[in-house]
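Quick one: structure below, then a few questions.
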């Protein structure tokens, strides 16, 4: 195994969870997030030799992930697939079994349902934001990135990041008022 593949393997291991979480917050769907995360790392691999270290590696990878998700959300194929539901082919696991989600023991079934419903409402509200606002909310409030790194990832200046974040938070408050 050569040095480049080892470095790439280390990058993937170090950043895969954060990239998947970021993609999930953008896409709102595990399968789509997984596809976007994989596509992100394919793009990282292909352009690793061109990385100029003008920002940190994690910032560079986040930027690729954000752009990958934005492009997927814009694509006509994605928009069309989100409006179609197949009733004749229920989802199954790889081994042919039906997938069953088991709740943790810390909450009662109704408490777990409330938590899940609130999470879905919040994710739907985030999904309804314009892409520029969605990206700063996900990067700051979900991923916890500092403003400066968000500025590098998105390409917005620092003041723009802060104003987009303030507008996005206000819009989320209005959308979620009385619901969460």
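Has region 36-50 got at least one residue that is in contact (Cβ under 8 Å) with a residue 60 or more places away in the chain and either within 17 Å of the chain's Cα centre (by Cα) or surrounded by 13 or more Cβ atoms within 10 Å (Cβ to Cβ) (or both)?
Checked against the condition, which is being in contact (Cβ under 8 Å) with a residue 60 or more places away in the chain and either within 17 Å of the chain's Cα centre (by Cα) or surrounded by 13 or more Cβ atoms within 10 Å (Cβ to Cβ) (or both), region 36-50 yields no hits at all.
Continuing with the same structure: In region 14-124, which helices (runs of 4 or more DSSP H) lie fully inside it and hold 1 or more residues that are at pLDDT below 70 and over 30 Å from residue 174 (Cα atoms)?
Counting at least 1 such residues, we get 76-82.
Restricting to region 133-148, what's the tally of residues that are at pLDDT 90 or above and surrounded by fewer than 19 Cβ atoms within 10 Å (Cβ to Cβ)?
3
For region 130-171, what are the residues that are under 19 Å from residue 21 (Cβ atoms) and assigned to a loop (DSSP other than H, G, I, E, B)?
Listed by number, the residues that qualify are 143, 144, 145, 146.
The values are calculated or read from the model by the stated rules, or taken from the named source; none is laboratory data. Here the structure is a predicted model, which means the values were calculated and not measured. Glycine gets a Cβ as well: all are built from the backbone with ideal geometry, and neighbour counts include every protein chain shown.
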